[in-house]
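**Student:** Below are the structure tokens for one structure; questions will follow.
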């Protein structure tokens, strides 16, 4: 594969398979039966694909997952303008439109190559700057990795390795980030029983870009630790995260505990986010804690 900065970006069929999650046989079948992409041929007869080819294959895959037949999906995608998204797609655009850095990271992640994953993250960070690095590389990458793990296209080990490397890299950025001493404090914590802390690292970095300093309690703290640290540091904002519903199922009184604690600090804004928290609280009436999924909702 050529350098990330190359203007002639080509992938072989093995790399396309790793990036898209489609088998080589499926890729060849879609080429021949639906003329979705027209790969170039090298002198040795091997196929080579462009980034545009991969985007087309990804869009067809998304539509097929939503109930379209492959023939219908191919027709929709082939008649779209380049900037259009698939009709009725339920996948956020950032999840569909992945850039070269994400493609490379998926390829290296499939092989659990920690050194290369870290190198590419660093290259993407320096090339794009932190805001764009988070929004166009880290977030879409994590969404794609999570989807592949849920569909069992990736093993638990593959998912764990790339998530660990991303987490460690984000920790490095956050710890070395320069902020004013008098900057307001935002505190983040996973709920007891929740171990997915990467979304909090992203949110806290986004807050730091807006002039805040941050403190992360970490994964699966005891409720007493959250209460003690909030009481001690008196942050302006507290972000509580649950990617799964496990914390609420394990500790049935947890949500009420959080509400009661938040009520003691009316000057502190408490937010609860993550897919698990949103699912669990959809029919709950919270008075002291707001539900938020993005940093924009916190600072609106």
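**Student:** Please tell me the relative contact order of segment 150-226 in percent, rounded to the nearest whole number, where contacts are Cα pairs under 8 Å and at least six residues apart.
**Tutor:** Result for segment 150-226 is 33 percent.
**Student:** Antiparallel DSSP bridges in the chain: what percent, to the nearest 5?
**Tutor:** Percentage antiparallel, nearest 5: 20.
**Student:** To the nearest 0.05, how large is the calculated FRET efficiency for residue 32 and residue 150 if R₀ is 25 Å and r is the Cβ-Cβ distance?
**Tutor:** According to the calculation, E is roughly 0.25.
**Student:** Can I ask one more? Limiting things to C-alpha atoms, what are the Rg and the maximum Cα-Cα separation (Dmax) for segment 15-54, in angstroms?
**Tutor:** 9.8, 27
**Student:** Okay, moving on. How many angstrom separate the Cα center of segment 18-50 from the Cα center of segment 106-163?
**Tutor:** Centre-to-centre distance over Cα atoms comes out at 23 Å.
**Student:** Give, to the nearest whole percent, the P(r) tail of segment 98-176 beyond 22 angstrom, counting all Cα pairs. Before the final figure, lay out each step's value.
**Tutor:** Details: 462 of 3081 pairs.
For segment 98-176, the fraction of Cα-Cα distances above 22 Å is 15 percent.
**Student:** Another question, then. Find the relative contact order for the chain and round it to a whole percent, using C-alpha pairs within less than 8 Å whose residues are 6+ positions apart. Walk me through the numbers before you get to the answer.
**Tutor:** Working: 382 pairs, mean separation 32.1, N = 300.
Result for the chain is 11 percent.
**Student:** Between residue 209 and residue 183, what is the label-to-label distance in nm when each label sits 7 Å out along the Cα-to-Cβ direction?
**Tutor:** Taking the simple label geometry, residue 209 and residue 183 are separated by 1.3 nm.
**Student:** Additional query: Helix 100-110 against the longest principal axis of the chain: what's the angle in degrees, Cα atoms only, rounded to the nearest 10?
**Tutor:** Tilt of helix 100-110: around 90 degrees.
**Student:** While we're looking at this one, here's another question. Across 10 Å bins from the origin, how do the percents of Cα pairs in segment 198-300 run, short distances first?
**Tutor:** 14, 52, 32, 2
**Student:** Ranking request for peptides 208-216, 15-23: highest mean number of other beta-carbon atoms within 10 Å first, then the rest in descending order. Walk me through the intermediate numbers first.
**Tutor:** Values: 208-216: 17.0, 15-23: 19.4.
Per-residue mean Cβ counts within 10 Å order the peptides as 15-23, 208-216.
**Student:** Test of understanding: what is the full-extension gain from residue 24 to residue 253, defined as 0.36 nm times their sequence separation minus their Cα-Cα distance?
**Tutor:** Value of the extension gain: 77.5 nm.
**Student:** When ranked by the protection proxy of mean other Cβ atoms within 10 Å per residue, highest first, what sequence do the peptides 276-282, 125-131 form?
**Tutor:** On the way: 276-282: 17.3, 125-131: 13.9.
By packing density, highest mean first, the sequence is 276-282, 125-131.
**Student:** Please list, short to long, the whole-number percent of alpha-carbon pairs of segment 164-239 in consecutive 10 angstrom bins beginning at zero.
**Tutor:** 20, 52, 27, 1
**Student:** Here is a follow-up. Before rounding to the nearest 500, sum -39500 (n - 2.57) across all DSSP H runs of length at least 4 in the chain and divide by the residue total; then give [θ] at 222 nm in deg cm²/dmol.
**Tutor:** Values: 16 runs with 159 residues, N = 300.
Helices in the chain give a 222 nm mean residue ellipticity of -15500 deg cm²/dmol.
**Student:** Remind me, relative contact order of segment 143-300 in percent, using alpha carbon pairs under 8 angstrom and six or more residues apart?
**Tutor:** Computed value for segment 143-300: 20 percent relative contact order.
**Student:** Now for a different question. Can you work out the FRET efficiency for the pair residue 72 and residue 116, with r the C-beta to C-beta distance and R0 = 35 Å, to the nearest 0.05?
**Tutor:** Efficiency, from the Cβ-Cβ distance: 0.40.
**Student:** Show me, bin by bin at 20 Å from 0, the whole-percent P(r) of the chain based on Cα pairs.
**Tutor:** Per 20 Å bin, starting at zero, the Cα-Cα P(r) for the chain comes out as 30, 52, 17, 1 percent.
Where a number appears in this text, it was derived from the coordinates with a stated rule and is not lab data. Small disclaimer: the values here were computed from a predicted structure and weren't measured. FYI the Cβ positions are ideal-geometry reconstructions off the backbone, even for glycines, and counts take in every protein chain you see.
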